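Asks: Before I ask anything, here is the structure I am working with.
Bear in mind that the values in this text are calculations on the coordinates, not laboratory data. What you are looking at is a predicted structure, and each value in this text was computed from that prediction instead of being measured. Cβ: placed from backbone, ideal geometry, glycine included. Neighbour counts: every protein chain shown.
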Amino acid sequence: QYKLQMEDKPSTMSIERAEALNDIGFEWEVIQRGSVPKDELWKRRFEELKVFKARTGHCRVPSMYKENEALGMWVSTQRQQYRLQMEGKPSNM
C-alpha cells in the first residue's frame, strides 16, 4: 500500500498512517536473507532488544514473540549459542 501511495496510485494507506510508521522507524524494505552482513543484522536485533527492555524492563523475549518474530527468534538463538559456548562446544558467539 505504501509503494502504491508513493507512486501516486490509489492506496488504502493514509499519509497519516505512513507518517506514524515512519516516526517509529518502520523499515519499508524487507531484508532478504544474506543481503545484510551478519554483524549489521546482529546490531539491528541488539537495538531492537534494547527497545524491548526499555519498554518491558527485562530481556525475556519469548521465542514466539508475535510483535517481532525476528527478535524472538534472534534472542532464542543467542541463548542457544551461549549455552553451547558455556559447554565448550562450537558456537557462533
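Asks: Every residue in region 80-93 that is surrounded by fewer than 13 Cβ atoms within 10 Å (Cβ to Cβ) and not in a helix (DSSP H, G or I), please.
Replies: The answer is 87, 88, 89, 90, 92, 93.
Asks: Could I ask something else about it? Which one is nearest to residue 43 (Cα to Cα) among residues in region 53-76 that are of a type in the set (Ser, Thr, Tyr) and touching a residue at least 12 places away in the same chain (Cβ under 8 Å)?
Replies: Top of the filtered list is 76.
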